[in-house]
Structures are given as C-alpha cells and as structure tokens.
Amino acid sequence: MIYTILLLIGILLVIISFIYIMREEKRKDKKYKYIEEIYLDIEKHNEMSKKIMEEFEMLVNSSIDKIENKFENLSDNEEYRTREKNYLFKENKCIEENEDISKIFELKDIGLTNEEIAKKLNRGVREIDIILKIKK
C-alpha cells in the first residue's frame, strides 16, 4: 500500500512538473514573440530613418546647388556691373556729356526754350530742366 501511495504521489508530482513546464514554455513563447515584435519595429524605424536621411541629403544637396547658383549669378551680376561702370565712366562718355551740357547752356543763352533744346539734342525735357536748374 505504501508503494501505491508513493507511486500516486510520484505520478502527481510528474503531472505538476509537466504543467509547470508547459506554463513556462508559454511564458517563454510570449517573451519571444514580444522580442520579435520589438525587433520588427526596430527594423521599420531603421528603414524610415534611412529614408529620412536620404531625403535630408537630397534637400541639403539641392540647397547647396541653389546657393552655388546664386553665387554664380552674383558673380555674373558683378561682371555686368563692372562692365556697366566702365561704360558709364569712360573718358569719352564724360567728354560727350560735358559737351552736351555746354551745348544746352549755349542754346539756352541763345534763347531757346527747354522743349526746343530737348528736341534738338534728343534728350528729355525733364533732363534739360534738371541740368539748367543745377547751373542756377
């Protein structure tokens, strides 16, 4: 009889151990699935980060290109301004302007009106008015 009781206790302990092992396996599977979900989330975030970095790099490159184009345009504008200054301040141009101004004063001294002087020299009436006012 003692043997049967010991046998029943042994079987009962084996069943309890089996149940405990099964529960631990379920917990282990849940933990594994949770870790796997986290890993998949990390992979998604990694891919999104790569895309964001690529887009950011494209944005930076396009911004750099725009800035370089602006600098090129500025240098083109500086060349244009330099040519324009050279043209405006050529000695011949200044001499022509001085000759035209002296003609304006001569024609005014003769008695022509500002409109007549403007027509004769192919200038604007307002320009003639300003030049004559400067003399006064």
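All of the numbers you see were taken from the coordinates with simple rules; none came from a lab. Note that the structure is a prediction, hence the values are computed from the model and not measured. Quick reminder, even Gly has a Cβ in these numbers, built from the backbone with ideal geometry, and neighbours come from all protein chains shown.
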Checklist entry - Which residues, taken from the stretch 122-136, are surrounded by 15 or more Cβ atoms within 10 Å (Cβ to Cβ) and not in a loop (DSSP other than H, G, I, E, B)? => result Glu127, Ile128, Ile131, Leu132
Checklist entry - Is there any pair with a first residue in the stretch 2-26 that is surrounded by 10 or more Cβ atoms within 10 Å (Cβ to Cβ) and a second that is among the aliphatic types (A, V, I, L, M) and assigned to a helix (DSSP H, G or I) whose Cβ atoms are under 6 Å apart and which are 6 or more apart or on different chains, and what are they? => result none
